[in-house]
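Trainee: Before I ask anything, let me first share the structure, which is written out below as structure tokens.
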Amino acid sequence: MLEEGTVHCGFICGLPYVMLRDRQRPAAQLIAAPVLKAPRYKGQPKYYSDLIVRKDRPYQKLQDLEGRTYVYNDEISNSGYNLPRYRMLQLGLTKGFFGKVVRSGSHEESIRMVAAGEADASFVDSLVLDYDREKGLGHAQEVRVIESVGPAGICPLVASTQMPADLRDKLQHALVTMHEDPEGRKLLDEALLDRFTLVDDSNDDDIRSMKQAAEKAGFTVIR
């Protein structure tokens, strides 16, 4: 929809942003990126991929999951696929490590499946997990994190190249000054955000490098 200009802007994962941006004719432009309030984000537009298991399961690290069932949200998810794939590459777990790999369609569904025992583990977006835990949503309270991969460039708000420049600039200004406005501050607090900030394309270089490393090694599919 961003490519076609059907929508002017969207809040998307960093991996599809990189894929759109790195084309010969880029199909997306950065507007701004959120900065989360939680201390582990250190005031930067970054986030993590959290490896979760059910609370009553004994697993302590990724290596303990050999032969188990792994669930992921989507193949072009940075936190659900790109970061985990890179971590597996680092550890040499590239020869059919998991017993079964299942696609869920969303981080929320991945969390539910792990909590229900339908899958043994999943790497999920730390934004989703932190928010659901804080708000008491879904099944986030029923899982625990055994490892975090990152940090990496956080999911940005991007514009279609067909979005009028003046409209893009107005939206950007509204976002990056939002924390200075009383009503804006309330909305940010509700979303567990400190502020929105300007970022350039280098904020996603970590995502690029991990994607490129997996492609160079021929390890593009989690097994």
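The values are calculated or read from the model by the stated rules, or taken from the named source; none is laboratory data. As the structure is a computational prediction, the values presented were derived from the model and not from experiment. Note that each Cβ is placed from the backbone with ideal geometry, even for glycine, and that neighbours are counted across all protein chains shown. All accessible areas refer to the heavy atoms of the entire protein, side chains included, with ligands and DNA or RNA removed. Shrake-Rupley method; radii C 1.70, N 1.55, O 1.52, S 1.80 Å.
Trainee: Please give me the summed charge of the neighbours of E66: other residues whose Cβ is under 13 Å from its Cβ, Lys and Arg +1, Asp and Glu -1. Please list the in-between numbers first.
Mentor: On the way: positive: K61, R68, K95, K100, R223; negative: D64, D120.
With Lys, Arg at +1 and Asp, Glu at -1, the net is +3.
Trainee: If V221, V114 are ordered by their accessible area, calculated over protein heavy atoms with a 1.4 Å probe, which sequence runs from highest to lowest? Spell out each step's value before the answer.
Mentor: On the way: V221 60, V114 0 Å².
Result of the area sort, largest leading: V221, V114.
Trainee: For the chain, find the longest principal axis of its Cα atoms and tell me its angle to the long axis of helix 126-135, 0 to 90°, nearest 10.
Mentor: Once rounded, the angle reads 90 degrees.
Trainee: Further, regarding this structure: Using the Kirkwood formula on the Cα atoms of segment 20-148, what hydrodynamic radius do you get, in angstrom to one decimal? Mind dumping the intermediate values first?
Mentor: Numbers: mean 1/r = 0.0645 Å⁻¹.
Mean inverse Cα-Cα distance, inverted, gives 15.5 Å.
Trainee: Suppose the Debye formula is applied to equal point scatterers at every Cα of segment 87-152; what is log10 I(q)/I(0) at q = 0.12 Å⁻¹?
Mentor: -0.34
Trainee: Taking the C-alpha atoms of segment 141-193, how large are the radius of gyration and the largest Cα-Cα span, Dmax, in Å?
Mentor: Every Cα atom of segment 141-193 included, Rg and Dmax give 16.1, 46 Å.
Trainee: OK, next. If one puts a single equal scatterer on every Cα of the chain and applies the Debye formula without solvent, what log₁₀ I(q)/I(0) results at q = 0.10, 0.11 Å⁻¹?
Mentor: -0.47, -0.57
Trainee: Ok, one more. How would K216, K46 rank on accessible area, largest to smallest, probe 1.4 Å?
Mentor: Values: K216 185, K46 45 Å².
Greatest to least solvent exposure: K216, K46.
Trainee: With charges set only on the Cβ (+1 for Lys and Arg, -1 for Asp and Glu), what does the dipole of segment 119-223 come to about its Cα centre, in debye to the nearest 20?
Mentor: The calculated dipole for segment 119-223 is roughly 280 debye.
Trainee: Given the options M178, S106, S160, identify the residue whose Cα lies farthest towards the positive end of the charge dipole of segment 93-223 (+1 on Cβ of Lys, Arg; -1 on Cβ of Asp, Glu).
Mentor: Farthest along the dipole direction, towards plus: S106.
Trainee: Accessible area, 1.4 Å probe, largest first: how do M19, M210, M1 sort?
Mentor: Highest to lowest solvent-accessible surface, that is M1, M19, M210.
Trainee: In terms of Cα to Cα distance under 26 Å, which lysines are near enough to K42, apart from those fewer than 8 places away along the same chain?
Mentor: Hits, sequence-local ones excluded: K61, K135, K186, K211.
Trainee: Could you state the angle between the C-alpha long axis of helix 165-176 and the longest principal axis of the C-alpha atoms of the chain, as a value from 0 to 90 degrees rounded to the nearest 10?
Mentor: Roughly 70 degrees between the two axes.
Trainee: So what is the relative contact order for the chain, in percent, with contacts set as C-alpha pairs under 8 Å and at least six apart? List each step's numbers first, then the result.
Mentor: Details: 434 pairs, mean separation 79.3, N = 223.
Rounded, it is 36 percent for the chain.
Trainee: Under 19 Å from a point placed 7 Å out from the Cα of D181 along the Cα-to-Cβ direction: which residues of segment 1-25 have their backbone N that close?
Mentor: Output list for this probe position: 9-11.
Trainee: In debye, nearest 20: dipole of the chain around its Cα centre with unit charges on the Cβ of K, R (+) and D, E (-)?
Mentor: On the way: 30 positive and 33 negative charges, 149 e Å.
Magnitude of the dipole: close to 720 debye.
Trainee: Accessible area of the chain with a 1.4 Å probe: how many percent of it is carbon plus sulfur? Don't skip to the answer; put the middle values down first.
Mentor: Numbers: 5310 of 10870 Å².
Answer for the chain: carbon and sulfur cover 49 percent of the accessible area.
Trainee: Would you mind working out the accessible area per residue for the chain, using a 1.4 Å probe, and quoting it in Å²?
Mentor: Details: 10870 Å² over 223 residues.
On a per-residue basis, 49 Å².
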